[in-house]
Amino acid sequence: MQVVYLDVLAGVNLAMDCLLLSGTARLAGVYLPRTRLLLGAGGGAAYAVFSCFFPALCTLPAQGLAGLILVRLTFGPRQTAALIRLTLLFYLLSCACAGCALALGQVRGISFFVGSGYYVNVPFRVVACAAALSWALAGLLFRGRAGDGVQGRQTARVRLVFGGQAADFTLLVDSGNELSDPLSGKPALVLDRRAAARLLPVEAVVPLAGLRENNAPAILAALPNLCRTRFQLLPYRAVGQEHGLLLAFRPDSALREGKPWQGLAAISPAPVADGRYEGLIGL
């Protein structure tokens, strides 16, 4: 009879789910905050522990539903198509990892599974080191590839500073983005409204919650005086809309892939690329 230590079971699955979820995010080119990653991995570890006590959780439908809930918990609210895409990618990575564990178990004559979770009775520091190494290699070799698709899309990491606050963003590199300040000629990147909320002060975020495609001037007027001087309106043209205005702000500083970048940050009221990216930037 196999003796299962629940702390080891929880620790191993916490590490494995961190690896799988971060791999899903990197392959999809989606930004994943560490808090969200730990929340999702913690949920996966709890599911692995409970599956030892409730055999019904080990059935295939239950595992499929658990995977969907785990992805939703980790990546937050998204459009249905984006959520399905992330879930399928998570399933593929999970199946590949489980297949490797099953094959290795057949060779060694042991099982690496207990209930619906992974179980390796080794010191947790060994599992943590292996997970960290695999996570680093996955990010180095495959980052953003599944999200790029056949069109070869690329992403850029941008760090913005505003009012003493700093935040990092994963932006889609779009060669068609020619948005710029008509006066200074400086280029402008575009941030999803929810992504911009991670950087801007609360007094600016509250009015921005009501930002729509046609009310940027009203939102600018609703901003507090201290913030309003840092914001402006940018004219733009898009498919189906000949003339429009985007609300934009001037960051204190910006880095693109670690190099200084000069420009503005416009705010999009709608998700960028179905929510797969936090924004877009030109070449």
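Could you tell me which of the residues VAL158, VAL173 is under 19 Å from the mean Cα position of the chain (by Cα), at pLDDT 90 or above and of a type in the set (Val, Ile, Thr)?
Details: VAL173 fails: at pLDDT 90 or above.
Only one candidate passes the filter, namely VAL158.
Looking only at the stretch 65-85, count every residue that is open to solvent by less than 10 Å² (accessible area, probe 1.4 Å), assigned to a helix (DSSP H, G or I) and touching a residue at least 40 places away in the same chain (Cβ under 8 Å) and tell me the total.
So the first thing to find is which residues in the stretch 65-85 are open to solvent by less than 10 Å² (accessible area, probe 1.4 Å), and the list is 67, 71, 74, 76, 82.
The next check asks that each one be assigned to a helix (DSSP H, G or I); those that pass are 67, 71, 74, 82.
Now drop any that are not touching a residue at least 40 places away in the same chain (Cβ under 8 Å), which leaves 71, 74, 82.
Total satisfying the criteria: 3.
Yes or no: LEU220 open to solvent by 50 Å² or more (accessible area, probe 1.4 Å), in contact with a strand residue (DSSP E or B) (Cβ under 9 Å, 6 or more places away or on another chain) and in contact (Cβ under 8 Å) with a residue 12 or more places away in the chain?
no
When you go through (1) closer than 16 Å to LEU83 by Cα; (2) surrounded by 22 or more Cβ atoms within 10 Å (Cβ to Cβ); (3) touching a Ser or Thr at 6+ places or on another chain (Cβ under 6 Å) one by one for SER51, which number turns out not to apply?
SER51 satisfies every listed condition except (1).
Assess whether LEU19 counts as being open to solvent by less than 20 Å² (accessible area, probe 1.4 Å), under 30 Å from ARG157 (Cα atoms) and modelled with pLDDT of 80 or more.
No: the conditions fail for LEU19.
What number of residues within the stretch 27-62 satisfy the criterion of being in contact with a Cys (Cβ under 8 Å, 6 or more places away or on another chain) and either hydroxyl-bearing (Ser, Thr, Tyr) or on the phi > 0 side of the Ramachandran plot (or both)?
1
Yes or no: ARG145 modelled with pLDDT under 85, over 18 Å from GLY275 (Cβ atoms) and surrounded by 14 or more Cβ atoms within 10 Å (Cβ to Cβ)?
yes
List the residue pairs whose Cβ atoms are under 7 Å apart, where the first residue sits in the stretch 161-175 and is closer than 17 Å to LEU200 by Cβ and in a strand (DSSP E or B), the second is polar (S, T, N, Q) and open to solvent by less than 50 Å² (accessible area, probe 1.4 Å), and the two are 6 or more positions apart or on different chains.
Close Cβ pairs satisfying both conditions: LEU171/THR155.
Here are some conditions: (1) among the small types (Gly, Ala, Ser); (2) open to solvent by 30 Å² or more (accessible area, probe 1.4 Å); (3) touching a Cys at 6+ places or on another chain (Cβ under 6 Å). ALA204 meets all but one. Which one does it not meet?
(2)
Tell me, please, whether a residue that is free of Cβ contacts under 8 Å to residues at least 12 places away in the same chain and either of a type outside the set (Lys, Arg) or open to solvent by 20 Å² or more (accessible area, probe 1.4 Å) (or both) can be found in the stretch 266-279.
Checked against the condition, which is being free of Cβ contacts under 8 Å to residues at least 12 places away in the same chain and either of a type outside the set (Lys, Arg) or open to solvent by 20 Å² or more (accessible area, probe 1.4 Å) (or both), the stretch 266-279 yields no hits at all.
The values are calculated or read from the model by the stated rules, or taken from the named source; none is laboratory data. Source: prediction; values computed, not measured. Positions of Cβ are generated from backbone atoms using ideal geometry, with glycine treated the same way; all protein chains shown enter the neighbour counts. Side chains included, ligands, DNA and RNA excluded: accessible areas come from the protein's heavy atoms. Shrake-Rupley method; radii C 1.70, N 1.55, O 1.52, S 1.80 Å.
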